[in-house]
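Derivation of every value follows stated rules applied to the coordinates shown; laboratory data play no part. The shown structure was predicted, so the numbers you read here are calculated from the model rather than taken from an experiment. Note that each Cβ is placed from the backbone with ideal geometry, even for glycine, and that neighbours are counted across all protein chains shown.
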Amino acid sequence: MNGHYGRKYGRKMRQNKHRLMAELLPELEIKLEDDRLPSLESLTKGFDRINLEVGFGAGEHLALQAKEYPNELFIGCEPFINGIAALLQKVEQESLNNVRIFPDDAMLLLKALPENFFSKVFILFPDPWPKARHNKRRFVNKNNLAYLSKKMKEQAQLLLATDHDDYFEWMLKHIDQHPNFNFLSDTKEEWLKKPDLWTLTRFQEKANKAGRVSRFLRLIRK
Ligand SMILES: C[S@@+](CC[C@H](N)C(=O)[O-])C[C@H]1O[C@@H](n2cnc3c(N)ncnc32)[C@H](O)[C@@H]1O
């Protein structure tokens, strides 16, 4: 009996995901043409601020922010198809009109956008690439921070989170070396304090269960 229901439920879920990807994603997707964004004005029109989340996972945090700030645009980058479908589900359920999705590497989008663009940027639990020989793949690196800082407005906020001790140290070092960011949080207590508007993502939940501590870095673009 259970198996039967499981199969039915599974099929319905799949159908729903398929529908969202086929019907809703094209409405929300940001598409580049020859590495450029053809319709910047229509993307940003009517919004007070433009914000970015890199690697939104299943979109829990992005959807929460978008619901809280309906006058601000939230652009989410995430190449993972199941994650995109999960965010689409939330957008539909909450009738959010202020979410756009770039289903690819965030750097491709950043390169196509003008300078002084974003007011808030979130990079939450980026892949840790724990092996030393893979460290260079970490999203928070010298090159990406240089790009990101140019695309952020003066006084824009950057929030970084990680549950990985070595990546945390790496973040501190790379931000410290970067001339365009100031730390808003620089004590151990502040690093442990979760942001005011926050939801446990599936990823952080896993980290908690495994006994890993999450830390947060709040930064301001000078
Ligand atoms: C460890 S998961 C964390 C997901 C989510 N932020 C959370 O807290 O649940 C990292 C996510 O970043 C995405 N990602 C990795 N590199 C990316 C890139 N260059 N641009 C956009 N997303 C990226 C991955 O697909 C993955 O879903």
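Computed values, structure above
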{"read-out": "Cα→Cβ-extended label distance, 7 Å offset, between Phe80 and Asp176, nm", "value": "3.0 nm"}
{"read-out": "Distance violations [Cα-Cα > 23 Å] among Lys173/Lys194; Lys150/Lys193; Lys136/Lys173; Lys90/Lys206; Lys67/Lys136; Lys131/Lys151", "value": "Lys150/Lys193; Lys67/Lys136; Lys131/Lys151"}
{"read-out": "Rounded to 5, the percent of DSSP beta bridges in region 2-221 classed as antiparallel", "value": "30 percent"}
{"read-out": "Dipole magnitude of region 2-221, debye to nearest 20 (Cβ charges: Lys/Arg +1, Asp/Glu -1, about Cα centre)", "value": "820 debye"}
{"read-out": "Part-to-part distance (alpha-carbon centres) for region 67-128 and region 6-64, which is given in Å", "value": "7 Å"}
{"read-out": "Per-pair calculated FRET efficiency, R0 = 41 Å: Asp34 and Asp165 via Cβ, rounded to 0.05", "value": "0.50"}
{"read-out": "Cβ-Cβ FRET estimate between Lys206 and Ala146, R0 fixed at 35 Å, reported to 0.05", "value": "0.65"}
{"read-out": "Eligible aspartates and glutamates near Lys17 by straight Cα distance, threshold 12 Å, same-chain separation 8 or greater", "value": "Glu92"}
{"read-out": "Positive-end residue of Ala85, Pro195, Ile30, charge dipole of the chain with Cβ unit charges", "value": "Ala85"}
{"read-out": "Value of Rg/Rh across the chain [Cα atoms, Kirkwood radius]", "value": "0.98"}
{"read-out": "Farthest positive-ward along region 121-166 dipole, Cα basis, beta-carbon charges - from Tyr147, Trp129, Ala161", "value": "Tyr147"}
